[in-house]
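Working notes, structure below.
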Amino acid sequence: MANLEVIRMGIIGCGGNGRGHLHHYLTHYPEVIRVVGLADPSKAAREAAWEMTGKDPAVKVFASHEPLLKRTKPDAVLISTPHVYHTQQILDSLAADCHVLVEKPMVCSVQDAKAVIAAAKAAGKVLAISYNRHTQGPYIYTRKAIQAGEIGEIVFVSCWQSQNWWASQKGTWRQKMALCCGGQLNDSGSHLLDIVLWMTGLEPETAFAFQDNCETEVDILTAMSVRAKGGALMNFSVVAKSVNFVEDITIWGTTGTIAIRHGGEVWRWKSDRDWGKVSKRKIPPSRRPDDNFIAVLRGEETEVAAPPECGLAVMRLSEAVWKSAASGKAEKVQ
Ligand SMILES: NC(=O)c1ccc[n+]([C@@H]2O[C@H](COP(=O)([O-])OP(=O)(O)OC[C@H]3O[C@@H](n4cnc5c(N)ncnc54)[C@H](O)[C@@H]3O)[C@@H](O)[C@H]2O)c1
């Protein structure tokens, strides 16, 4: 699809995470990535990013993405902004002939997900999501084991994620509905929903959820149950009122059980007697979504690790969950 030797890259959103991507480009791809523009309405954020480039005069700095696209004509952009802006920034970047790596959640509605997928297809450009679990060993290992039929047919999934998000994000855009478009379900929870669907290949059919906003504008606690096509059941807990981060995913199949504990260790069971932790030697190496995105643009890899269809699947489920929490009834996943 692309065969770029050098990638002229624009960064839209120079906050904590955008600067993390920039650091990776500067330290790992000095010969491959040429950062041509930085855009952020915050002077402090864009200047902090520009300082990281050694105040390189070849790197142009802007208060918004439109002049960046027009004046620097990048080959690709990284979008790392509050969630409400993702859709328009993806569409504008594709229209400006750019490949796009966008942070999660890709967009904030099913309608927008369909629109950006169609736009990327029409433009013939790569659109990838920075869902980092897709390029991390434990999740790749688990997905492959499931795809190879090693645990049989999936009957049940249980997973939870906790984070000190309610307290740590007070007053930030993440707890403003107009900017985050949801709460923790749309933030760190987006990773959990995505990775379970990606690893299992299950397609949610119906969802029932309770949510508690804990006196904020957005969801803080989510308890949700899902029935997938074919009958498998899933429980997700997204707990943003916690003192610590912890994540756990257990997947039960007809011939085996597989679990990812603390976001890293993989455990497997064939029976009550035959079980244990999978040796680290068997787990593939981890890398960043950027590494895959760059390899695809350089023609070294053909598949995007997290294609936009994953963003659509997450949004389908998220919308059913928010609808169910509001209606008090089980809702169909559209
Ligand atoms: N994949 C991950 O593990 C991971 C981790 C952290 C954040 N993220 C995602 O990265 C994105 C940014 O999060 P963050 O932690 O950097 O937040 P942040 O608050 O640190 O930074 C956001 C930046 O976007 C800027 N901004 C606001 N409106 C903008 C606009 N219209 N155009 C350009 N820039 C704009 C802000 O001024 C700020 O500098 C979010 O989508 C978030 O969910 C992903």
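Please list 3J(HN,Hα) in residue order for region 148-154, calculated via the Karplus relation 6.51 cos²θ - 1.76 cosθ + 1.60 where θ = phi - 60°; whole Hz, with x for glycine and proline.
Karplus values, whole Hz, x for Gly and Pro: 7, x, 6, 10, x, 8, 6.
On a 0 to 90 degree scale, rounded to 10, what angle separates helix 43-52 from the longest Cα axis of the chain?
80
Summarise the long-distance tail of P(r) for region 7-131 by giving the % of C-alpha pairs beyond 22 Å.
Considering region 7-131, 27 percent of its Cα-Cα pairs are separated by more than 22 Å.
Per residue and in cubic angstrom, what volume does the convex hull of the Cα atoms of the chain have?
Spelled out: Cα convex hull of the chain, divided by residues, is 138 Å³.
Can you work out the base-10 log of I(q)/I(0) for region 66-186 at q = 0.09, 0.10, 0.15 1/Å, using the Debye formula on its C-alpha atoms alone?
With one equal scatterer per Cα and no solvent, log10 I(q)/I(0) is -0.36, -0.44, -0.87.
At a 4.7 angstrom Cβ threshold, list every cysteine in the chain that has nobody to pair with, or say none.
Unpaired cysteines in the chain: C14, C98, C159, C180, C214, C310.
Once you've got the GNM for the chain with C-alpha springs shorter than 10 Å, pick whichever of V218, V32, V84 has the biggest mean-square fluctuation.
Result for the chain, Cα springs under 10 Å: V32 fluctuates most.
Want the number for Q111 to R287: 0.36 nm per residue separation, take away the alpha-carbon distance, what's left?
60.3 nm
Using the per-residue mean of other Cβ atoms lying within 10 Å as a proxy for protection, in what order, highest first, do the peptides 232-238, 89-95 fall?
The packing order, highest mean first, is 89-95, 232-238.
With a 10 Å cut-off between alpha carbons and a GNM built on the chain, which of L297, L26, L127 moves the most?
Looking only at L297, L26, L127, the biggest GNM fluctuation is shown by L26.
Could you check the spin-label model distance between S168 and A148? Points 7 Å from the Cα along Cα→Cβ, value in nm.
Result for the modelled spin labels: 3.5 nm.
Please list, short to long, the whole-number percent of alpha-carbon pairs of region 1-51 in consecutive 5 angstrom bins beginning at zero.
5, 22, 30, 21, 13, 6, 3, 0
Report, in degrees rounded to the nearest 10, the 0 to 90 angle that the Cα long axis of helix 308-327 makes with the longest principal axis of the chain.
Relative to the chain, helix 308-327 is tipped by roughly 60 degrees.
Which one of G13, G189, G231 has the biggest mean-square fluctuation once the chain is modelled by GNM with Cα springs under 10 Å?
Result for the chain, Cα springs under 10 Å: G231 fluctuates most.
If Lys and Arg each add +1 and Asp and Glu each add -1, what is the summed charge of the other residues whose beta carbon sits under 13 Å from the beta carbon of P67?
Net local charge, P67 excluded: +2.
What is the set of long-range amide H partners of A2 at a cut-off below 5 Å, with H atoms built 1.01 Å from backbone N?
Here G299 satisfy the definition.
Note the per residue figure in Å³ for the convex hull of the C-alpha positions in region 109-155.
Expressed per residue, the convex hull around the Cα atoms of region 109-155 is 135 Å³.
For the pair A118 and E66, what calculated FRET efficiency results from E = 1/(1 + (r/R0)^6), where r is the Cβ-Cβ distance and R0 = 30 Å, to the nearest 0.05?
On the way: r = 22 Å, r/R0 = 0.72.
Given R0 = 30 Å and the Cβ-Cβ separation, E is 0.90.
Read-outs throughout are calculated quantities, based only on the coordinates presented, and are distinct from any laboratory measurement. Just so it is clear, the model here is predicted, and its values are computed rather than measured. Methodologically, a virtual Cβ is constructed for each residue, glycine included, from the backbone with ideal geometry; neighbour enumeration extends over all protein chains shown.
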